[in-house]
Amino acid sequence: MSVYSDDNRIVLTLDAGGTNFVFSAIQANNEIVSPVSLPASPDNLQQCLQTLIKGFTHIKDQLPAPPVAISFAFPGPADYQKGIIGNLPNFPSFRGGVPLGPFLQEYFRIPVFINNDGNLFAYGEALAGALPALNGRLEALGSDRVYRNLVGITFGTGFGSGVVINKRLLTGDNDCAGDIWVFRNKLYPGKIAEESVSIRAIIRVYNEFTEVNDHTLTPRDIFYIAEGRKEGDKQAAVESFARFGEVAGDAIAHMLTFTDGIVVLGGGIMGAAKYIMPSLVNEMRSSLGTFGGDTFPRLQMEVIDTDQDTEMEGLLTDQNIQLPIPLSGKTVSFNPTKKTAIMKSTLGTSRAISLGAYSYALSMLGN
């Protein structure tokens with residue numbers, strides 16, 4: 001069961017795009033108003049701030065009870081704990097830093113919480129999405145396996161991520177814990193992982209394989225080429241997504257080594273999952289060796305792709321062994337297999353982020 005599905009507190013939320021702001025409100029994990037979209041005005045700070053006031057006020061006036069907080073994702077760089085937004089390419093009027101959280105808190109007189117979208121995606125999936133759903137399914141089948149940790153990954157303009165450990169969002173001392181985009185790139189060790197795991201990476205790799213320089217292409221175009229629905233080099237299109245998956249799988253394996261939880265994937269690029277997932281999962285299942293000739297699995301746990309029915313059965317079926325407790329006449333259940341799950345988001349990225357924003361606000365406010 002989702003953590004806040006019976007909570008009647010209301011939180012104002014915002015989907016902060018570079019073109020439009022979309023305002024809404026959530027109660028008990030449900031959107032309770034019709035969202036309102038207003039132009040973001042990223043070039044004019046005063047107009048942008050007035051739009052925020054107007055949008056939140058419009059939603060607030062429709063609510064059956066006063067909201068307890070405002071919570072939303074906003075692009076970085078930022079000092080999220082203080083609610084200060086830094087220099088953003090898509091918001092030139094924020095150059096030099098804007099204390100957005102304190103501004104909204106002063107005006108509306110309620111707490112304001114701002115995070116990055118990767119963190120809130122992970123938090124939404126951990127508290128209201130993939131994690132409780134998977135644990136519920138395991139419990140219904142009589143399994144004593146329980147997952148408490150989650151890595152959320154978003155594939156889009158960049159390589160986003162967030163980590164939740166036992167219902168707590170991992171933020172770190174500098175608001176950059178769990179950031180995966182700056183991991184070392186497996187294919188280009190002098191580059192960051194995001195150079196191979198992003199929209200620009202898919203376009204670059206396709207152009208490299210075809211020896212053209214068509215930067216008008218989009219990932220959707222390249223997906224259609226891979227599908228044979230658009231003219232182009234099909235093999236190059238397939239390979240551009242495979243390279244994406246290989247580098248992503250390498251980085252995610254590093255992340256899992258210290259978080260040891262399930263992985264949930266979201267973002268627009270997951271529409272091409274059929275071309276990304278094979279290389280991604282293969283990388284996570286690869287082996288590493290020693291100078292003595294020994295080999296070890298890249299990860300200590302078996303990686304189960306739960307979107308594959310036959311693999312899901314492997315996760316749901318455990319071979320527990322009853323071990324005798326010496327000199328007691330009793331036994332204890334022992335599961336010798338280590339397993340983790342990787343899956344696509346079923347909530348959808350936008351909804352997971354909204355539920356993450358809602359859950360984060362309530363967790364910070366306490367009971």
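Things to note:
- DSSP-defined beta bridges in the range 130-346 - what % are antiparallel, rounded to 5: 60 percent
- Kirkwood hydrodynamic radius of the chain, Cα pairs, Å: 22.2 Å
- The distance separating the Cα centre of the range 321-359 from that of the range 1-32 comes to 27 Å.
- Distance from the range 190-250 to the range 104-132 (C-alpha centre basis), Å: 32 Å
- Taking the number of Cβ atoms within 10 Å of each Cβ as an exposure proxy, the fewest-first ranking of HIS215, HIS58, HIS254 is HIS215, HIS58, HIS254.
- Potential extension, LEU187-GLN322 segment - 0.36 nm per residue separation minus Cα distance: 44.1 nm
- Burial ordering of SER287, SER93, fewest other beta-carbon atoms within 10 Å first: SER287, SER93
- Fewest-first ordering of PHE223, PHE159, PHE103 by other beta carbons within 10 Å of each residue's beta carbon gives PHE103, PHE223, PHE159.
- Helix-only arithmetic for the chain: the sum of -39500 (n - 2.57) across DSSP H runs with n ≥ 4, divided by the residue total, places the mean residue ellipticity at 222 nm at -11500 deg cm²/dmol.
- Of all complete DSSP H helices in the chain, those with a Cα span along the helix axis of 27 Å or greater and a mean Kyte-Doolittle hydropathy of 0.0 or more are 234-259.
- In this structure, the residue pairs whose Cα-Cα separation is over 23 Å, taken from LYS60/LYS344; LYS274/LYS344; LYS60/LYS167, are LYS60/LYS344; LYS60/LYS167.
- DSSP bridge pairs, the range 10-116: antiparallel proportion in percent, nearest 5: 65 percent
- Sparse-neighbourhood loop sites, GluC sites (Glu not before Pro) in the range 204-268 - DSSP loop, at most 15 other Cβ within 10 angstrom: GLU211, GLU231
Read-outs: derived from the displayed coordinates by stated rules, not from any lab. Just so it is clear, the structure is predicted and the values come from calculations on it, not from any experiment. Because the Cβ atoms are built from the backbone with ideal geometry, glycine has one as well, and the counts that use them run over all protein chains shown.
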